[in-house]
Amino acid sequence: MSINQHERDLYCLKQAGYIVLKDFVDIALVDKIEKACVGFELEVEAFRSEQEVILSHSWPLRTTRCLYAVSRELQDLVMRERIQKLVHGYLDKPVLRDSLMQTNMPDPRNAERGLDGDISFHRDTLWPDGEITPNYLHVFLLLNDFTPEHGATIVVPGTHREKEPGYYFKNSDPRPPQKGIDYRVYEQSYFPSTTQLLAPRGSVILMDPMMIHSQGINIADTPRRVINTTFRAAQTVGKPPLLNARAIAEHTARVPIRQDLLSLLEDTESLPSEYGPLRELVTEE
């Protein structure tokens, strides 16, 4: 019996919780996506100096959302057949929640902690009640090489398939605060089966965020950026709630939106329909 590459990829994704597609994107295309998205990141940071920006992460992570609204090239990447086959093979009727950039910022205190310092083991949300089924999927585009020194993501393979006793380790065994970190961290020996996702710039990583994971410690003197496009299964209630992504795409996007991508975007009227400097223009009558 012959097995094609898609079946192999999907099997590994379901069993391990992640797959790495090395050198998936041409570097010239990565450059175009990076230019648009980093430019928008700087806009959001300028906006943040004057007004609140919702749905941000804690230092040393910097979060920039709604990147589908500023890069058509990113839209085209997300909608590639190989990626969409994996997304639809993994999730039941997937909905696109957001495309955001997560920048692991340099901080001299990271070097003091060192690569073996405590890290932020977590799942991205609470377990839903009932049987475990795939609820979410991250699609990462690496804008920098994922190396230990740059704080590449660390994962505990297979932990997306089983709940831990009670809920959950970070509520029962918090480590003390550390300088330069605004969130709880834990000894790396807590999960001895960790692996670090090492791959070159332009690679794509698909990852179930219910797998226990953490950003690594960036001891370099430059940021480490990844674009994360997140999907959820249609029956999954998104927690935490994010944005009305479809309304943002329809009313404030700066580039044309693909109709097939538009149909996948989360569309909930009760969610915010603007983000940072992406605001619908109001014209005087």
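Descriptive notes on the structure:
- Out of Tyr190, Tyr186, one residue alone is over 17 Å from Ser99 (Cα atoms) and open to solvent by 50 Å² or more (accessible area, probe 1.4 Å). It is Tyr190.
- Some residue of the stretch 93-111 being more than 17 Å from the chain's Cα centre (by Cα), within 22 Å of Gln259 (Cβ to Cβ) and in contact (Cβ under 8 Å) with a residue 60 or more places away in the chain: yes
- Against the test of being in contact with a helix residue (DSSP H, G or I) (Cβ under 8 Å, 6 or more places away or on another chain) and at pLDDT below 95, the options Gly238, Gly166 yield a single qualifying residue, Gly166.
- In a residue-by-residue description of the stretch 1-19, the property of being at pLDDT below 95 and over 28 Å from Gln196 (Cα atoms) applies to at least one position.
- Residue check, Tyr18 open to solvent by 30 Å² or more (accessible area, probe 1.4 Å), closer than 30 Å to Gln178 by Cβ and not aliphatic (A, V, I, L, M): yes
- Filter pass, Pro240 being in contact (Cβ under 8 Å) with a residue 12 or more places away in the chain, closer than 21 Å to Lys22 by Cβ and not hydrophobic (A, V, I, L, M, F, W, C): no
- Any hit, the stretch 44-56, residues being within 16 Å of Arg80 (Cβ to Cβ) and assigned to a helix (DSSP H, G or I): no
- Odd one out for Thr229, checked against (1) farther than 23 Å from Leu143 by Cα; (2) modelled with pLDDT of 95 or more: (1)
- Residue that is nearest to Cys66 (Cα to Cα), among those in the stretch 191-245 that are small (Gly, Ala, Ser) and outside any loop (DSSP other than H, G, I, E, B): Ala245
- Odd one out for Glu52 among (1) buried (at least 19 other Cβ atoms within 10 Å of the Cβ); (2) closer than 23 Å to Thr103 by Cβ: (1)
- Of the helices (runs of 4 or more DSSP H) lying entirely inside the stretch 67-150, those carrying at least 1 residues that are touching a Pro at 6+ places or on another chain (Cβ under 9 Å), open to solvent by 10 Å² or more (accessible area, probe 1.4 Å) and at pLDDT below 95 are 108-113.
The values are calculated or read from the model by the stated rules, or taken from the named source; none is laboratory data. Owing to the predicted nature of the structure, the values given are computational and were not obtained by experimental measurement. With ideal geometry, Cβ positions are generated from the backbone for all residues, glycine too; neighbour counts draw on all protein chains shown. Calculation scope for accessible area: heavy atoms of the full protein, side chains included, ligands and nucleic acids excluded. Shrake-Rupley method; radii C 1.70, N 1.55, O 1.52, S 1.80 Å.
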